[in-house]
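The values are calculated or read from the model by the stated rules, or taken from the named source; none is laboratory data. Since this is a predicted model, take the numbers as computed values, not measurements. Please note: Cβ atoms are built from the backbone with ideal geometry, for glycine as well, and neighbour counts cover all protein chains shown. Side chains included, ligands, DNA and RNA excluded: accessible areas come from the protein's heavy atoms. Shrake-Rupley method; radii C 1.70, N 1.55, O 1.52, S 1.80 Å.
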Amino acid sequence: MRSHPTTLSPRGSNPVRAHAAPLRDRLRTRLYALRFSAEVWAAGRRKDVAPRYPDFLGIGTPRSATTWLHLRLAAHPGVFLPARKELHFFNEPRPHTPCRFSGATWTRPLYFDLENPAHWRWYAAQFAGAGERRCGEITPDYATLSRERVGEVLRHLPEVKVILNIRNPIARAWSGLRYSWRRHIGRYTDRQLGERLREELTDALIAAALHPERLLRGDYPRTIGNWEAHVPPERLLYLFYDDIARDPGAELRRVADFLELDPAGLPPSAADTSPVNDAPATDMPDAVKERLVAYYAPHIRWLEAHFGRDLSAWLEL
């Protein structure tokens, strides 16, 4: 068992000079990495942290109303969620190829070692204030975990419940690209973002939309297969983005029932409908749409068969 309190991730080089994030943003990212590493180091030295771990995990997928779910659950008096939405504790290190078009790198300042007691003390400290409440965390990147890593998660958290948000993977990929562009390249209005996209080569935009990391986050057959291999069906809950948009109150009640929460503690229905963490609403170019439809059509047919649900509208964006 290793004794060092942190394992730093390898840092990637700047993906594209012309699309480099502003110096201020790069400095802020570096400062975050240093502060986060120091926080983990300090928590790892503590000996008074009770071994409290999450009762449930929100495993993703990104851009599928996970922030909405986090905020609504955090408002319930019977739920405790860490102040930091995404803990990334179970992320596994793997090679990441930067997206040259959007500037996204998908690297982490730190990857945790599941065999390191100091790292588990940091994780337990995130739930120290839970008391008797249900506690959990929501990290969308858990949708990308390998089957072996999911097995490790369940070895440490054998009774954990799991929530997966599912969104049309075509719309999800486009939303992820727009969000990455805004976050890593700069802050644009919808009109400015649309103008920048039209100025770029179509091939570059398609390559960014089909970037392996972006596609991985919408690979539902892989994600569902990996988690269902280790989690029994009664401890898995699937939320469809379409259902959340249509009747958010009903979906929250499903979550409350799944987590054995008093539904009276849920926020009023009127508070459920506002979008959270939206990406700029720029139309998807036809060339990108055609490629994403061709790629994801087999995935969508798999979801239809798996859930017995008609998802043909997802191919008609």
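Okay, residues lined up against (1) open to solvent by less than 30 Å² (accessible area, probe 1.4 Å); (2) at pLDDT below 95; (3) not in a loop (DSSP other than H, G, I, E, B):
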| position | (1), (2), (3) |
| --- | --- |
| 76 | yes, no, no |
| 85 | no, yes, no |
| 90 | yes, no, no |
| 93 | no, yes, no |
| 97 | no, yes, no |
| 102 | yes, yes, no |
| 107 | no, yes, no |
| 113 | yes, yes, no |
| 122 | yes, yes, yes |
Checking residue 134 against (1) surrounded by fewer than 17 Cβ atoms within 10 Å (Cβ to Cβ); (2) closer than 20 Å to residue 235 by Cα, which single condition isn't satisfied? (1)
Top-ranked residue in region 199-249 [being small (Gly, Ala, Ser) and open to solvent by less than 30 Å² (accessible area, probe 1.4 Å); ranked as nearest to residue 148 (Cα to Cα)]: 225
Looking only at residues that are of a type in the set (D, E, K, R) and more than 18 Å from the chain's Cα centre (by Cα) in region 93-144, which one is nearest to residue 160 (Cα to Cα)? 134
Do you know which residues across region 42-68 are more than 24 Å from the chain's Cα centre (by Cα) and either of a type in the set (Ser, Thr, Tyr) or not in a loop (DSSP other than H, G, I, E, B) (or both)? 42, 43, 44, 45
